[in-house]
Every structure is written in C-alpha cells, then in structure tokens.
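One structure is given here, and the rest of the page talks about it.
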Amino acid sequence: MPAARDCLARLVGALCAAMSRLRAYGGRMPLEYPIATRRLANGLRVAVSPDHSVPAVTVNLWVDVGSRHEPEGRTGFAHLFEHLMFQGSRNVAEGEHFSALMAQGGQLNATTWVDRTNYFETVPTPAYELALWMEADRHGYLLDALTQENLDNQRDVVKEEKRQRYDNRPYGNGLTDLNATVFPKGHPYHHSTIGSMDDLDAASLDYVHDFYRVHYGPANTVLTLVGDVTVEDGFAAAERYFGPLPARPVPPQPVVEPLGPLTEPVRLDRVEDVPQDRLYLGFRLPSGATTAYLAGELALGVLAGLATSRLYRRLVRREQIATHVSQGSQGRVAGTSMGTIAIDVPSGVAADDVESAVCEELELLGAQGPTPVELEAVVADTERWWLQSLAAQDERADAISQYYLLHDQPEYLNTFLDQIRQVSAAQVQEAAATWLQPRSRAVVTYRKQED
Amino acid sequence: MTAVARPQVGAPARWEYPPHSEHVLSNGVQVVFFHLPGQHVVSTRLAISAPLWSEPRSREGVATIVTRTMDEGTQSRSADEMAEALEVNGIALSAGMLGSGMLVDLDATADHAERGWQLTTEFLSEPAFDAGEVGRHVHQRLAEIEQELADPGGRAALEWARSFYTDSSRGSRPTAGRASTVAGITSADCRQFHAASVRPSNATVVVAGDMDRAQALTSLERTIGRWAQPAPARGAADASPSRDEVRTDPDRILFVHRPGAVQTQIHLGSLGPDRRVDGGWAPYPVLGFLIGGSPTSRLDSVLREDKGFTYGMRAGFRSRSHDGVFTVSGAVRGDSTAESVDLILGILAEAGKGFTEDELHSAADFIGKTAPVRYATADVVAGEAGALRLDGLDSTFVTDYLAQLSQLTTDDLARAWSLWSDQPRSIVLVGDAEAGADAVKALGRGEVEVVE
C-alpha cells in the first residue's frame, strides 16, 4: 500500500510476525485478535493484544500530530521533530535509543505522516520494559537533552533525506505536487510531510520546545503493546513507566470543513528531466474508516489495482498506451482523504490521449458500477493483503494504534474485512459517480524534457 | 527524574528456527514444507535452477521476460482469463530472476492455495508465449531500463557491475538485460529458454503456512505433481561463462556526470565471500552491521550523525552463486562528495585495526536476537528457503550461522575482514562531475574517469 511516510531511517532487517487468533478463515469467521484498552489517569490510551507465538513484544506509539498540524511557515516540522526524538532525553544519551535497543535484538524506527507521528520497536520479551522506559523518557522528558547542535545536525540530515527521496530523483515530488493540487492553499493537507527547505532552515530551538509541550502530552498519544505479554502485565507496565508522566492539556485540532469533490479539473504541468511522461490523477475522498471511503477505495481498485482492473486491461494490455498503472488511497482524518492513480506513458504516445481514455473509464464506472467478478476480485485481493499484513505483529500493533488514535476504534482490524465484504456494487458505483468523475480530477503531469 | 529506575534485561527465551520436511512429488519436483500455525496466508515459492549465464548472449533478459510472460496465457486460457482466475481467488503472483535461477512467488489464503498451485501448473506446463504479450513485456522492460538509468541508485549499481567484472562475465550486465538484447527477444526465444530450463527436474516448491502437511502434499501431488517433464531441449550455444571474473584493473573511480545534481550517489564494491566461505558466514553479517548496518554504525555515526552529509549510508556483504560482494552505498550532499569518499575509505581502512568486544556483542546480539521476529512470517520463511535452494542450501545454513554468532571472537572478525579488505575494489559516483570531480581527483585515491 503506497503511503507517503517519512522514515527516520530505513528499517533495519525484515519485519516481524506472529500467530493470529484467526479461526476458520475459510469459513469467513470474524477475526478475533484479543484487544484490551485502558486510559491512564494522565490521559494516555493503552491497548494490549497478547500473542505468545513469538517471544517478542511490539511497542507502538501514535502521537496525534502530523504535517496537518503545521501552520504556514513551519512545514516539515513534525517530521524534523521526529528525528530529534532519537537524540537523547533526560536519562538516555544521544544515539542510545537505537544502540541500547538494537543490542537487545530490537528493530525500531519512527515515521511521520499527515495525521500523526509514530514511534515503534519490536524487542525480545525480556527487553520490552526497557523499551517502555526509554519511550517514556523521551515522551516525558526530551527537552532536558535537546541542544542547538542536535537540531542543526538533524536539520542537515532531513535536508539530505529530502534531496534523496524527493528532489534528486525522477518524479520525486509527484505526490507532493498532487497534494498541493487536490487540496487548496491553506488546507492542512496542501503541503507534504517533508516540508520546504526554507521552513526547515527557519526551525528554532524555541519552537522545538513549544511544539513538544503542546503536542507530546500523554492524552495526545496512544500506546499499543502486541505480542508475548498478558493484558494484566501490559497494563501494569504501561502504568509503571508512563503513569508518572505529567498530564497536559490536549491541544485543539485545526478546524477544517470536509471538502466535496473538485467541481472542475485542476492541473499542474511540469517539464522535467524524467525518462518518460507520467500522469498523476488525484481525487478527494471521504474521511477514512467510513463506508463511503471504503467504497471509494474499492472503486479505485476496480479501476487500477489489479491486472484485471479496467485501466490495466485497456491502457496496458489492450491499447498499450501505458507501461504501468497503479493506484493508492490513504484514509485521512480531517474530513477529506485522497485517492491517486499514476500512469507511465511510453514515448510516442501523447499523455493527453491517455488522460482522455482514463476519463472515459471514470465515467463508465460511475454510470454502470463494477461487475460482480470485478468486485469479487478486489475484495479477495483486499482480504489477502489485510491478512498478510496482520500476520506480522508489528503491523498489527500499528493498525491498532491507527484506528484507536484517529477513529477511536481500537478493534477496527477485527471488523475491517466484514465491512469491506458488506460494501455493495451500488455503493462502489455511487462512490465512483460522486468522487471519481473526470470533473473532480486533479492532474499533475511530468513531461519528459526534450533534448 | 524519571520516576522508575531503568529496568534490567534478562536473557531471551530459547528459540528454534521453524522445522521443515522434504518430499519429492511423482514427477520429481522437490518439496520443502514448513508448518507455521497461525500463518493463514500460505506462501509458496517455486525455485527453478535456471542460471542467468545460460541465457544466449544476444538475448540477455530472456529469462526475466519468461518470468513475466509465463502466466500471460496458456493453451487453454488467455492472458486476461489467467489474471482473472488468479485474482478472483485473491492469489498474488510474481516472479523474478536471481543469478542462479528463477523464483516464482505465490501468496494465497490457505483455502485458495490449491487453486493457486493448479493455475501455476497450467502456466508452467503449457505457457502460450503469445507474440503480442511477449512484445508488450519487451516494451515494458525497455521503458523500465530508462527508469533504472534515470534513478541515481540504479545507474550507480549498473555502472559498478560494468566497471568491476570483465566484459565476458554475465554479472557485468543487468540481470533483466540491456536495451540492445531485450529489444530482439521473441516468443520463440521465450519458448526455447522455457523448454531448456523450466522443468520439473530443476524445480523445488517451498510451502509455508498454516496447512496440514498431509493435505498440502496431496494437493501438491494433484497439481504441481502433474507438471509433465517435456522432452529435453538444447541449452543456448552462446551462453556466458558460468563464473564471473573480476577485471584486472578495477581499482578506479568512475564519475557519472549528471549536471545540476544536488547529491552524489556513491556505490563502492569489492570482492567478497559466498555463503560457503571457510570459517563460516557468521562474521560477515556482523561486519556489515558494524560498518554500515545501523544508524550507530561506523559510517552513519560519522557521515550522518556527525557531519550531516547523508540521510544514511549502507554497507554489507552479499553472497552470489560464486564469490560475493562487499558494498557501501548511499547518497551524500553534492559539495561533500570528495570528503565523503575520503571518510568512507578511511573508515574501511580503520576497520583493519579490528573491532572491540562491545562492538562484536552488540552486532551479534542484534542479528541473533532479532531472528525469531525476522523469521516469523510465512512469506519470509518461504522466501529464504527458496533463495537458499537455488544456492544448493537449506535453512540449516541459517541455523548454523546463527549458532556460530554466539561463538565469534574479535579475532574471528579481524581474520574475516582481512581476507577481503584488500580485494579488488571499484567506486562509482553519480552526481555533478563538473562541480565535484576535481576534488575527488585531488584525494589521490585512484584514477578518476568522468563519463556522461
């Protein structure tokens, strides 16, 4: 699943997994991962999901701050701040978060996204309390250790991250451009999580302090434990290490009205040093974790998610006016999500012709909806990738944190497939007719610079 | 003060690599089976010994095109019908080439696994290699080549292989072929390669997941077990030599000029060991981790955390079918290119002075203690077994080197490093040569050649 996430560092080693509580999947029984939740006195929400099949525990924290909380002039700050969380805290030396946990067999990292910042580690069972202790130290007492030197160094590292992942690679800013085209200026999703070089340069130590005090309180955070731990022990450990953190007020969320679909196409054309033309189409979608959003997600799958999808069949297989078609969508929390379609156009083919063909297919799906076989295929594909991702305990922890923090539904992962299966062909058609019509498209085109 | 004292960490529980059983189907296909309770998506990896060097030289890339077109239609089903048969069952299929052969990946929920094997048997036995589908995939590969050349990391890796291995070595050229050889690939070429190499007698099927073994074997027997051995076909007459040779003059720096690039991609590579190296494999992942395998590695502690030149450098040893490579790669800020190269070479030279006990234990503990989690999913267990099988090994390779980790001494590390630290080395830089080449020349670290 494509997701524009900014990682602190690439994941070390492969990811992990564990035994599920899935029963009789073939009979389509509901998923039954056990999930217990509790709120500490300081407001921290805690979820524990025991699974003793692997002698390891995942510790996963979601903090309710992402790039959507960044005011103008501060873009990229939530992500830069994430880097600073690895530079030491009151009782943890610079670099020790990585070195101490890795030496115990921990795999860890952090990511920043539009709606949240995520810190996580998977460690052998005897090390999970150390992981909690270290997380509590930086989530409670980071500022004691923060220096101008750390800020300057990590600003440089983040600028290299931006150059490597965005500026110095073909199409690197494609999704950034698409966000800026789908969402109007001033909207919290208009800018990307990586931000701008100027704003990164402007970040000051004072602002770091303010940002931490406002956003990094226990009541603004979810802590999830998945793996080789009992509910009782997990809650007790959460209380032991996070209970002493002082309560802080929950910051107000940026107020933004849900957006309807675009009413006329919005375009951005770039001529760049790219190997072939690429079209990005972006659409607004309803808020994540709603039936209307799921219907939109399935509609995008019918259009471009599979080898039997309409755009693949027509553009890649039959007419051969595209070499690659892909789609993605991200359920977002601030009223409006985004869905994308990306298409690589070979030399000798006009990108505008490809766009016209796409528009025909958008209209057709809106007018007639998916066939039973199309819907069956996207649902079957969703079932497989969902179960495959939940097979790994760290991804399960991430899903629990996500839906607990953003949607107050910690058990969502157990019911997601039931909700997907309940989406009807008529609802998919309605989603396509409402959100995925040609008039509602944003189009970013990267055209190959001719020599 | 944090209210609670820092907790002490005890020893982790004993852990065993998932056990496997081996079987042979009636048509000779080998089976490696892992029963993994709770892994409801069953991962199947079909490993087919079809070494890259066996491709005809004028048609390099044909093996990759075969992996991409085998399932694009059979004698009884069109490409589109095959895709639909797979996708209505939620079966994910992909395939690709490694140096020693082909790996076909099939992932499906347990109740759809047999259907996946049935369809796999159909396309293995009677692929259509329709001219239209082959032509389409050839064009897609040509577009992909353009993408690879435009990507700084991709370009650096390609140029490194070309500058490191002799021209006659298959390893000097891209696995999936160059434009000049791919453009001419026809369905006849695909049929010939398939008939010569994609055969039950060359194949192992690895299955991992929550499936009853007896039931899985019965299902495999009535599907992949019915893949008939075709008549022997002649291999390509003009294949490459089976061993790659390192050039006699690789010690140089190639600077690929990309005007205006704001970063320089660095790709340094030297000869390394393969998995069968004397003294065992365990020292090599440890060395890779210490030099460039974590944010606290020797490379990143200087180039990232101290200097802020890079988002991250990576280093490590990778086994190939014969010999291996040690690689350092990453992107650095353009105006730090020469200093970065100098720092990297300095760090590698410093490694010759050895590693401390603390370093050894931190790395060995990381690699050993992460194993239970790294090998917890069907996908990873099956993928590892499939890749090892192509190398003639099984998962006892993993258990052996994990066991060796706890016995390693700093002398073992020093010995292993010294075996490979003076081997031939080649460095490729992809960046703005006008801005950076003179400073790299001034380092005196080897002849610098600038290419467009």
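The values are calculated or read from the model by the stated rules, or taken from the named source; none is laboratory data. No experiment lies behind these values; they were computed from the predicted model shown. Glycine gets a Cβ as well: all are built from the backbone with ideal geometry, and neighbour counts include every protein chain shown. Surface areas here come from the heavy atoms of the whole protein model, side chains and all, with no ligands, DNA or RNA. Shrake-Rupley method; radii C 1.70, N 1.55, O 1.52, S 1.80 Å.
Residues of region B:6-32 being closer than 15 Å to B:A382 by Cα and not in a strand (DSSP E or B), which ones? So that I can check it myself, show each step before the final result.
First pass over region B:6-32, keeping only residues closer than 15 Å to B:A382 by Cα: B:17-22, B:30-32.
Across region B:6-32, the qualifying residues are B:Y17, B:P18, B:P19.
Can you tell me which residue in region B:159-186 is nearest to A:P275 (Cα to Cα), limited to those that are within 14 Å of chain A (Cβ to nearest Cβ) and open to solvent by 30 Å² or more (accessible area, probe 1.4 Å)?
B:A179
If I filter region A:256-270 for residues that are under 30 Å from A:Y404 (Cα atoms), open to solvent by 60 Å² or more (accessible area, probe 1.4 Å), in contact (Cβ under 8 Å) with a residue 24 or more places away in the chain and not assigned by TED's automatic domain parsing to the domain that holds A:E374, do I get at least one hit?
Yes, because at least one residue in region A:256-270 is under 30 Å from A:Y404 (Cα atoms), open to solvent by 60 Å² or more (accessible area, probe 1.4 Å), in contact (Cβ under 8 Å) with a residue 24 or more places away in the chain and not assigned by TED's automatic domain parsing to the domain that holds A:E374.
Which residues, counting only those in region B:398-431, are in contact with a strand residue (DSSP E or B) (Cβ under 7 Å, 6 or more places away or on another chain) and either open to solvent by 20 Å² or more (accessible area, probe 1.4 Å) or charged (D, E, K, R) (or both)?
B:W420, B:Q423, B:P424, B:R425
State yes or no: is A:D210 over 19 Å from A:R116 (Cα atoms) and open to solvent by 40 Å² or more (accessible area, probe 1.4 Å)? Spell out the reasoning first.
Working: over 19 Å from A:R116 (Cα atoms): no; open to solvent by 40 Å² or more (accessible area, probe 1.4 Å): yes.
In short, no.
Run down A:P246, A:P261 and say which single residue is part of a loop (DSSP other than H, G, I, E, B) and within 14 Å of chain B (Cβ to nearest Cβ). Let's see the steps before the verdict.
On the way: A:P261 fails: within 14 Å of chain B (Cβ to nearest Cβ).
Matching residue, one of A:P246, A:P261: A:P246.
When you scan region B:229-239, do you find a residue that is at pLDDT 95 or above, assigned to a loop (DSSP other than H, G, I, E, B) and over 20 Å from B:P18 (Cβ atoms), even just one?
Restricting attention to region B:229-239, the residues satisfying the condition of being at pLDDT 95 or above are none.
Checked against the condition, which is being at pLDDT 95 or above, assigned to a loop (DSSP other than H, G, I, E, B) and over 20 Å from B:P18 (Cβ atoms), region B:229-239 yields no hits at all.
Please count how many residues of region B:86-104 are touching a Lys or Arg at 6+ places or on another chain (Cβ under 8 Å) and surrounded by fewer than 18 Cβ atoms within 10 Å (Cβ to Cβ).
Here is the first cut: in region B:86-104, the residues touching a Lys or Arg at 6+ places or on another chain (Cβ under 8 Å) are B:89-92, B:95, B:99, B:103-104.
Now drop any that are not surrounded by fewer than 18 Cβ atoms within 10 Å (Cβ to Cβ), which leaves B:99.
Residues that pass the stated criteria total 1.
Given the condition modelled with pLDDT of 95 or more and open to solvent by 10 Å² or more (accessible area, probe 1.4 Å), answer yes or no: does some residue in region A:57-64 qualify? So that I can check it myself, show each step before the final result.
Of the residues in region A:57-64, the ones modelled with pLDDT of 95 or more are A:57-64.
This time we only want the ones that are open to solvent by 10 Å² or more (accessible area, probe 1.4 Å), so: A:64.
Looking through region A:57-64, at least one residue is modelled with pLDDT of 95 or more and open to solvent by 10 Å² or more (accessible area, probe 1.4 Å).
Against the definition (crowded, with 23+ Cβ neighbours inside 10 Å, over 30 Å from A:D51 (Cβ atoms) and assigned by TED's automatic domain parsing to the domain that holds A:S337), how does A:E374 come out, yes or no? It would help to see each step written out before you state the result.
Working: crowded, with 23+ Cβ neighbours inside 10 Å: yes; over 30 Å from A:D51 (Cβ atoms): yes; assigned by TED's automatic domain parsing to the domain that holds A:S337: yes.
Answer is yes for this residue.
Here's the yes/no breakdown for (1) over 22 Å from the mean Cα position of the chain (by Cα); (2) at pLDDT below 95; (3) part of a helix (DSSP H, G or I); (4) in the same structural domain as A:V46 (by TED's automatic domain parsing):
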{"site": "A:Y171", "(1), (2), (3), (4)": "no, no, no, yes"}
{"site": "A:L178", "(1), (2), (3), (4)": "no, no, yes, yes"}
{"site": "A:H187", "(1), (2), (3), (4)": "no, no, no, yes"}
{"site": "A:D206", "(1), (2), (3), (4)": "yes, no, yes, yes"}
{"site": "A:R213", "(1), (2), (3), (4)": "yes, no, yes, yes"}
{"site": "A:L223", "(1), (2), (3), (4)": "no, no, no, yes"}
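Within region B:79-87, is there a residue that is at negative phi and more than 11 Å from chain A (Cβ to nearest Cβ)? Step through it out loud before you land on a result.
Step one: of region B:79-87, the residues at negative phi are B:79-87.
From what is left, the residues that are more than 11 Å from chain A (Cβ to nearest Cβ) are none.
No, that holds for no residue.
The rows are residues; the columns are (1) β-branched (V, I, T); (2) surrounded by fewer than 24 Cβ atoms within 10 Å (Cβ to Cβ).
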site: A:H69; (1), (2): no, yes
site: A:G76; (1), (2): no, no
site: A:N91; (1), (2): no, yes
site: A:G95; (1), (2): no, yes
site: A:A100; (1), (2): no, yes
site: A:E135; (1), (2): no, no
site: A:T147; (1), (2): yes, yes
site: A:K159; (1), (2): no, yes
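In region A:380-394, how many residues are in contact (Cβ under 8 Å) with a residue 40 or more places away in the chain, crowded, with 20+ Cβ neighbours inside 10 Å and of a type outside the set (V, I, T)?
7
Looking only at region B:96-141, how many residues end up being within 20 Å of B:S78 (Cα to Cα) and basic (K, R)?
Going through region B:96-141 one residue at a time, the tally reaches 2.
Looking at B:G116, B:G154, can you tell me which residue is within 11 Å of chain A (Cβ to nearest Cβ) and within 30 Å of B:M211 (Cβ to Cβ)?
On the way: B:G154 fails: within 30 Å of B:M211 (Cβ to Cβ).
Just one listed residue meets the conditions, B:G116.
Is it the case, given these coordinates, that B:L299 is more than 12 Å from chain A (Cβ to nearest Cβ) and over 20 Å from the mean Cα position of the chain (by Cα)? If you could, list the steps in order and put the result at the bottom.
Values: more than 12 Å from chain A (Cβ to nearest Cβ): yes; over 20 Å from the mean Cα position of the chain (by Cα): yes.
Yes: the conditions hold for B:L299.
Across region B:432-452, what is the total count of residues that are touching a residue at least 40 places away in the same chain (Cβ under 8 Å), in a loop (DSSP other than H, G, I, E, B) and open to solvent by less than 90 Å² (accessible area, probe 1.4 Å)?
Just the residues of region B:432-452 that are touching a residue at least 40 places away in the same chain (Cβ under 8 Å), to begin with: B:432-437, B:439-440, B:442-443, B:445-452.
After this cut, where a residue has to be in a loop (DSSP other than H, G, I, E, B) as well, the list is B:432, B:443, B:445-446, B:452.
After this cut, where a residue has to be open to solvent by less than 90 Å² (accessible area, probe 1.4 Å) as well, the list is B:432, B:443, B:446.
Residues flagged as touching a residue at least 40 places away in the same chain (Cβ under 8 Å), in a loop (DSSP other than H, G, I, E, B) and open to solvent by less than 90 Å² (accessible area, probe 1.4 Å) within region B:432-452 amount to 3.
Does A:Q409 satisfy being outside any loop (DSSP other than H, G, I, E, B), in contact with a helix residue (DSSP H, G or I) (Cβ under 9 Å, 6 or more places away or on another chain), open to solvent by 30 Å² or more (accessible area, probe 1.4 Å) and on the phi < 0 side of the Ramachandran plot?
Working: outside any loop (DSSP other than H, G, I, E, B): no; in contact with a helix residue (DSSP H, G or I) (Cβ under 9 Å, 6 or more places away or on another chain): yes; open to solvent by 30 Å² or more (accessible area, probe 1.4 Å): yes; on the phi < 0 side of the Ramachandran plot: yes.
Considered against the rule, which asks whether it is outside any loop (DSSP other than H, G, I, E, B), in contact with a helix residue (DSSP H, G or I) (Cβ under 9 Å, 6 or more places away or on another chain), open to solvent by 30 Å² or more (accessible area, probe 1.4 Å) and on the phi < 0 side of the Ramachandran plot, A:Q409 comes out as no.
Looking at A:R384, A:R318, A:R332, A:R396, can you tell me which residue is basic (K, R) and under 22 Å from A:A432 (Cα atoms)?
Working: A:R384 fails: under 22 Å from A:A432 (Cα atoms); A:R318 fails: under 22 Å from A:A432 (Cα atoms); A:R396 fails: under 22 Å from A:A432 (Cα atoms).
Within the list A:R384, A:R318, A:R332, A:R396, the selection yields A:R332.
Picking from A:Y216, A:Y189, which residue would you name as being in contact with a strand residue (DSSP E or B) (Cβ under 9 Å, 6 or more places away or on another chain), open to solvent by less than 20 Å² (accessible area, probe 1.4 Å) and within 30 Å of A:A442 (Cβ to Cβ)? Write out each step before concluding.
On the way: A:Y216 fails: within 30 Å of A:A442 (Cβ to Cβ).
Among A:Y216, A:Y189, only A:Y189 is in contact with a strand residue (DSSP E or B) (Cβ under 9 Å, 6 or more places away or on another chain), open to solvent by less than 20 Å² (accessible area, probe 1.4 Å) and within 30 Å of A:A442 (Cβ to Cβ).
For region A:303-318, how many residues meet the condition of being away from chain B (no Cβ under 11 Å) and of a type outside the set (K, R)?
Qualifying residue count for the region: 4.
In region A:78-89, which residues are surrounded by fewer than 24 Cβ atoms within 10 Å (Cβ to Cβ) and in a loop (DSSP other than H, G, I, E, B)?
A:M85, A:Q87, A:G88, listed by residue number.
Among the residues of region B:4-55, how many are more than 24 Å from B:R213 (Cβ to Cβ), within 14 Å of chain A (Cβ to nearest Cβ) and open to solvent by 70 Å² or more (accessible area, probe 1.4 Å)? So that I can check it myself, show each step before the final result.
The first filter runs over region B:4-55 and keeps only residues more than 24 Å from B:R213 (Cβ to Cβ), leaving B:4-14, B:49-55.
Then drop every residue that is not within 14 Å of chain A (Cβ to nearest Cβ), which leaves B:4-14.
Pick out the ones that are also open to solvent by 70 Å² or more (accessible area, probe 1.4 Å) and you get B:5-6, B:8, B:11, B:14.
Of the residues in region B:4-55, 5 are more than 24 Å from B:R213 (Cβ to Cβ), within 14 Å of chain A (Cβ to nearest Cβ) and open to solvent by 70 Å² or more (accessible area, probe 1.4 Å).
Between A:F183, A:F242, which is touching a residue at least 60 places away in the same chain (Cβ under 8 Å), in contact with a His (Cβ under 7 Å, 6 or more places away or on another chain) and open to solvent by less than 70 Å² (accessible area, probe 1.4 Å)? Spell out how you get there, then give the answer.
Working: A:F242 fails: in contact with a His (Cβ under 7 Å, 6 or more places away or on another chain).
A:F183 is the lone residue from the list that is touching a residue at least 60 places away in the same chain (Cβ under 8 Å), in contact with a His (Cβ under 7 Å, 6 or more places away or on another chain) and open to solvent by less than 70 Å² (accessible area, probe 1.4 Å).
Yes or no: A:Q449 touching a residue at least 40 places away in the same chain (Cβ under 8 Å), in contact with an Asp or Glu (Cβ under 6 Å, 6 or more places away or on another chain) and not basic (K, R)? Full working, then the answer.
On the way: touching a residue at least 40 places away in the same chain (Cβ under 8 Å): yes; in contact with an Asp or Glu (Cβ under 6 Å, 6 or more places away or on another chain): yes; not basic (K, R): yes.
It is true that A:Q449 is touching a residue at least 40 places away in the same chain (Cβ under 8 Å), in contact with an Asp or Glu (Cβ under 6 Å, 6 or more places away or on another chain) and not basic (K, R).
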